[in-house]
Structure formats: structure tokens, C-alpha cells
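First comes the structure, then the notes that go with it.
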Amino acid sequence: MPKIYVCPLSRLPETVAATGASHVLTLINIGTPLERPALIAADNHAVIGVSDIAEPRDGHVLPAEEHVAGILAFARTWPREKPLVIHCYAGISRSTAAAYIATCALAPERDEGAIADALRAASPSATPNPLFVAIADRMLGRNGRMVAAVARIGRGADAFEGVPFCLALT
């Protein structure tokens, strides 16, 4: 069963090692120091430079269609034989949004609400970035269902950083 793991930057090497992941998707502010885990081939690592904001803010990169397109493209090229790890700085907002988006894209038959419920069950602190989700909802033709599902599960528990977790595609 294909699995997506989500973690914060501080736990990336250990999450990759523990899961046997073959691919890593990074969503991080431009300029944040980042080292690709040694177990991950360069071709199996994508970096999307974007800030964790939902409204324009000076000095930050607002999520846009190009960022969501990058998430979708990378997820669709992941062969699913070994896990995919998605991370951001804290493992709470950008990465949980990307995991939700990837799961909706790769399992189009699954209900958006059921995926959001699985996300919440796996991570009490998950707070998917609403702008990422809204853009993906439009791009995937989900007619507002992704946005509604994420709004329904609400903001996650307060945390400095998330605990690594797994979201299964099926």
C-alpha cells in the first residue's frame, strides 16, 4: 500500500531512514538551509520554495498555482513502490496541505472528507494551508469539496512542530 509520510525539517533524515522512503518533497521558505538526505537520489527530491502564508506579505512567496502544480507533478511521478516523505519547516501546514493534495490527486475515487478525517486522525496538529488547498481544489476539479473538508476538520492542536505521521493512499 503506497504511503505518504509527513514530518518537520528537523526530523527529515530519521523519517526517511525509518520509512525506507525513495522520494522527498520539500516545501520551504526560499533561503532556508536544507540538506537532502543521503538515502535520497537527487532526481527523487523536489524543492518548492514557498512561504507558509495565505495572504500576501512583504518578503514572502505566496502559494500560487505553479507551487501546487509542482506538488501534483512530483506526486504523479512518484512510483509508489516505496514511501514518499513530504516535509516543511514545522510539519504542520505546508506539508500537511501537500500530503492532502497528493492523496486527493492520486486517489481520485476517495472522498475528500474521508481523506481529511484520516489526516486529522493521523496528526492532531495538522493545519493544512488553506490557500494551497483552495488552489488544488480548483486544479483538481473538486468543486469546493477539498476546501470544505479541510475547513470542517479545523485548525489542529497548537504545536511548535508536528510529529511525523503517515497518510495512506487507500
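So the values come out like this:
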{"read-out": "Trypsin sites (Lys or Arg not before Pro) within segment 93-137: DSSP coil, no more than 13 neighbouring Cβ in 10 Å", "value": "none"}
{"read-out": "Whole-angstrom Cα spans of segment 73-122 along principal axes, big to small", "value": "30, 26, 17"}
{"read-out": "Added length on full extension, which subtracts the Cα-Cα distance from 0.36 nm per residue, residue 157 to residue 47", "value": "36.9 nm"}
{"read-out": "Cα-centre dipole for the chain with unit charges at Cβ (Lys and Arg positive, Asp and Glu negative), debye to 20", "value": "300"}
{"read-out": "Chain lengthening between residue 139 and residue 109 when straightened (0.36 nm per residue, less Cα-Cα)", "value": "9.2 nm"}
{"read-out": "Net lengthening on full extension, residue 166/residue 36 (0.36 nm per residue, minus Cα-Cα)", "value": "44.8 nm"}
{"read-out": "Chymotrypsin sites (Phe, Trp or Tyr not before Pro) lying in DSSP loop within segment 94-170, provided at most 10 other Cβ fall within 10 Å", "value": "160"}
{"read-out": "Point-to-point label distance, residue 148-residue 82, nm (Cα→Cβ direction, 7 Å offset)", "value": "4.0"}
{"read-out": "Residue order for 80, 142, 57 - accessible surface, 1.4 angstrom probe, largest first", "value": "57, 80, 142"}
{"read-out": "Selection from 135, 119, 165, by position along the positive dipole direction of segment 107-170 (Cβ)", "value": "135"}
{"read-out": "Efficiency of FRET from Cβ geometry, residue 55 and residue 14, R₀ 45 Å, rounded to 0.05", "value": "0.85"}
{"read-out": "Tensor-based shape of segment 14-170 (alpha-carbon gyration tensor, a/c under 1.5 rounded, otherwise prolate or oblate)", "value": "rounded"}
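The values are calculated or read from the model by the stated rules, or taken from the named source; none is laboratory data. Source: prediction; values computed, not measured. FYI the Cβ positions are ideal-geometry reconstructions off the backbone, even for glycines, and counts take in every protein chain you see. Protein only, heavy atoms only, side chains kept; ligands, DNA and RNA dropped before computing areas. Shrake-Rupley method; radii C 1.70, N 1.55, O 1.52, S 1.80 Å.
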